[in-house]
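Here is the structure we will look at.
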Amino acid sequence: MLRNLVNQQVQVTTPFGTVTGTLIAVKYNYIVISESSGNQVLVRTEKIEFVG
């Protein structure tokens, strides 16, 4: 499912908060999101609670 969202704007909820940005990569056990500030955030897939 996550691979279908690459290059799209996503909002990912984790136990630590919400990350919003463009999903740029789906790896084996994490995803990479590019925030509007230009920062890249790595989110472990096991910590993802919701993707919108």
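The values are calculated or read from the model by the stated rules, or taken from the named source; none is laboratory data. None of the values given here were measured: they were computed from a predicted structure. Don't worry about glycine lacking a Cβ; one is built from the backbone with ideal geometry, like all the others, and counts go over all protein chains shown. Note: accessible area is taken over every heavy atom of the protein model, side chains too, but ligands, DNA and RNA are not part of it. Shrake-Rupley method; radii C 1.70, N 1.55, O 1.52, S 1.80 Å.
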Discussion item. Please go through segment 42-52 and give me each residue that is open to solvent by less than 60 Å² (accessible area, probe 1.4 Å) and either without any contact (Cβ under 8 Å) to a residue 24 or more places away in the chain or outside any strand (DSSP E or B) (or both), ordered by number.
Written reply: T45, I48, G52
Worksheet item: Only one of (1) open to solvent by 70 Å² or more (accessible area, probe 1.4 Å); (2) modelled with pLDDT under 95 fails for N39. Which number is that?
Response: (2)
Item to complete: Name the single residue, out of those in segment 25-36 being hydroxyl-bearing (S, T, Y) and in a loop (DSSP other than H, G, I, E, B), that is most open to solvent (accessible area, probe 1.4 Å).
Response: Y28
Fill in: Options T22, T18, T13: the member that is surrounded by 11 or more Cβ atoms within 10 Å (Cβ to Cβ), assigned to a strand (DSSP E or B), more than 9 Å from the chain's Cα centre (by Cα) and β-branched (V, I, T)
T18
Worksheet item: Would you pick out the residues in the chain that are touching a strand residue (DSSP E or B) at 6+ places or on another chain (Cβ under 6 Å) and aromatic (F, W, Y)?
Response: Y30, F50
